[in-house]
1. Can you report the number of residues in the range 210-231 which are in a helix (DSSP H, G or I), touching a strand residue (DSSP E or B) at 6+ places or on another chain (Cβ under 8 Å) and within 16 Å of the ligand (Cβ to nearest atom)?
2. Does residue 210 meet the test of being over 13 Å from residue 253 (Cα atoms) and surrounded by 17 or more Cβ atoms within 10 Å (Cβ to Cβ)?
3. Output the number of the condition that residue 72 fails; it satisfies all remaining conditions of (1) farther than 19 Å from residue 189 by Cβ; (2) open to solvent by 20 Å² or more (accessible area, probe 1.4 Å).
4. Sort out which residues of the range 113-157 are closer than 30 Å to residue 101 by Cβ, open to solvent by 50 Å² or more (accessible area, probe 1.4 Å) and assigned to a helix (DSSP H, G or I), and write them in order of number.
5. Kindly list the number of the only condition in (1) more than 20 Å from the chain's Cα centre (by Cα); (2) assigned to a loop (DSSP other than H, G, I, E, B) that fails for residue 203.
6. For the range 121-131, state whether one or more residues are in contact with a Gly (Cβ under 8 Å, 6 or more places away or on another chain) and within 19 Å of residue 212 (Cβ to Cβ).
7. Return yes or no: is residue 207 within 11 Å of the ligand (Cβ to nearest atom) and modelled with pLDDT of 95 or more?
Amino acid sequence: MENNRRPESMERITTPELAQAFIDEQVAALKAQVGDGKVLLALSGGVDSSVTAALLIKAIGENLVAVHVNHGLLRKGEPEQVIDVFRNQLKATLIYVDAVDRFLDKLAGIADPEQKRKIIGAEFIKVFEEEARKLDGIHFLAQGTIYPDILESGPVKSHHNVGGLPAEMNMELVEPVKFLYKDEVRMVGKQLGLPDSMVFRQPFPGPGLGVRCVGAITRDRLEALREADAIVRDEIAGLDPLPWQYFAVIPDFKSTGIKDNMRYMGWPVIIRAISTVDAVTAKAVEIPFDMLCRIRDRVIENVPGVNRVLWDISDKPVATIEWE
Ligand code: XMP
């Protein structure tokens with residue numbers, strides 16, 4: 001599409017002043033595009049959709065209708081943060097959809113990674129469409145498409161939470177950050193006053209913890225992963241420089257443990273931290289042994305069902321970053 005090329009005259013956003021100029025320009029452009037109309041947005045809480053939402057709130061206030069779908073595969077504290085930032089602080093019109101049971105019921109017994117991804121993507125669109133249908137008179141659909149999405153995969157995000165939203169929704173697209181690179185989106189987000197934990201968030205796959213809870217997802221193992229992941233991220237946040245991605249994985253097997261002289265079976269938790277430029281290749285990041293031990297102690301003490309902590313030191317290739 002013709003209007004999907006970043007204008008050559010567009011300066012790189014490298015300073016707060018340039019970010020502010022971009023914000024002013026976009027707010028005016030958004031007002032001109034949508035007027036008094038309402039705009040629907042799937043708000044995952046990732047940096048791209050959050051910055052898109054914040055720009056729209058500035059431009060059209062409560063006429064932005066943001067929908068946050070909790071599919072049960074988000075990290076610890078994420079849905080709460082979206083509600084706190086957008087509903088409580090920015091006074092956005094936010095529809096929170098608790099779809100946890102729906103997703104987990106659909107995923108029960110499904111072990112194949114691609115099938116899991118398909119189910120999560122399809123269910124997401126279904127839930128989002130259902131919410132859209134409940135609302136009358138919305139003709140605009142906002143998306144947090146950024147320039148690398150266009151360069152890599154055409155005009156609509158296909159690999160993201162938002163999925164390829166179906167054409168029959170027949171809405172005009174609103175994509176205020178579509179010519180920005182990630183560092184520029186972050187700069188704009190910071191200038192808009194979004195919290196650092198949102199703006200500088202590590203990349204998180206659309207299917208979320210679903211691809212880190214290896215094999216068929218069960219609720220108890222998913223909860224163990226969510227808790228362990230929060231501990232892993234909390235400790236590794238102390239590394240400088242920060243790895244590009246750092247998280248926990250939980251496999252779908254148990255190993256023998258011992259407690260009070262009794263043998264029992266428990267899950268292992270795997271620590272993964274990598275650095276990369278483009279996610280095409282990646283290197284395992286060195287984690288100091290004392291940090292590993294702190295993670296081990298906190299996970300073993302706080303996460304029921306886990307009796308072993310491992311560190312994945314594999315590079316990509318031959319391993320991938322995610323386990324599925
Ligand atoms: P792999 O595991 O292929 O991951 O080395 C490369 C990068 O892509 C992310 N990833 C995904 N992102 N949906 C996403 O939005 C997905 O299904 C998905 N799978 C992998 C991964 O986190 C890493 O940054």
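The values are calculated or read from the model by the stated rules, or taken from the named source; none is laboratory data. A quick note: this is a predicted structure, and the numbers were derived from the prediction, not measured. For neighbour counting, all protein chains shown are included, and Cβ atoms are generated from backbone atoms with ideal geometry for every residue, glycine included. SASA here: full protein model, heavy atoms, side chains in, ligands and nucleic acids out. Shrake-Rupley method; radii C 1.70, N 1.55, O 1.52, S 1.80 Å.
1. Number of matching residues: 2.
2. Here the answer is yes, as residue 210 does meet what is asked.
3. So the condition that residue 72 fails would be (2).
4. If the condition is that a residue be closer than 30 Å to residue 101 by Cβ, open to solvent by 50 Å² or more (accessible area, probe 1.4 Å) and assigned to a helix (DSSP H, G or I), then 114, 115, 117, 118, 122, 126, 130, 133, 134 are the ones that fit.
5. With (1) more than 20 Å from the chain's Cα centre (by Cα); (2) assigned to a loop (DSSP other than H, G, I, E, B) applied to residue 203, the lone miss is (1).
6. Yes, the range 121-131 contains a residue that is in contact with a Gly (Cβ under 8 Å, 6 or more places away or on another chain) and within 19 Å of residue 212 (Cβ to Cβ).
7. Values: within 11 Å of the ligand (Cβ to nearest atom): yes; modelled with pLDDT of 95 or more: yes.
Yes.
Quick grid of which residues meet (1) in the same structural domain as residue 188 (by TED's automatic domain parsing); (2) within 16 Å of the ligand (Cβ to nearest atom); (3) within 18 Å of the chain's Cα centre (by Cα):
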residue: 94; (1), (2), (3): yes, no, yes
residue: 101; (1), (2), (3): yes, no, no
residue: 116; (1), (2), (3): yes, yes, yes
residue: 121; (1), (2), (3): yes, yes, yes
residue: 127; (1), (2), (3): yes, no, yes
residue: 130; (1), (2), (3): yes, no, no
residue: 138; (1), (2), (3): yes, no, no
residue: 146; (1), (2), (3): yes, yes, yes
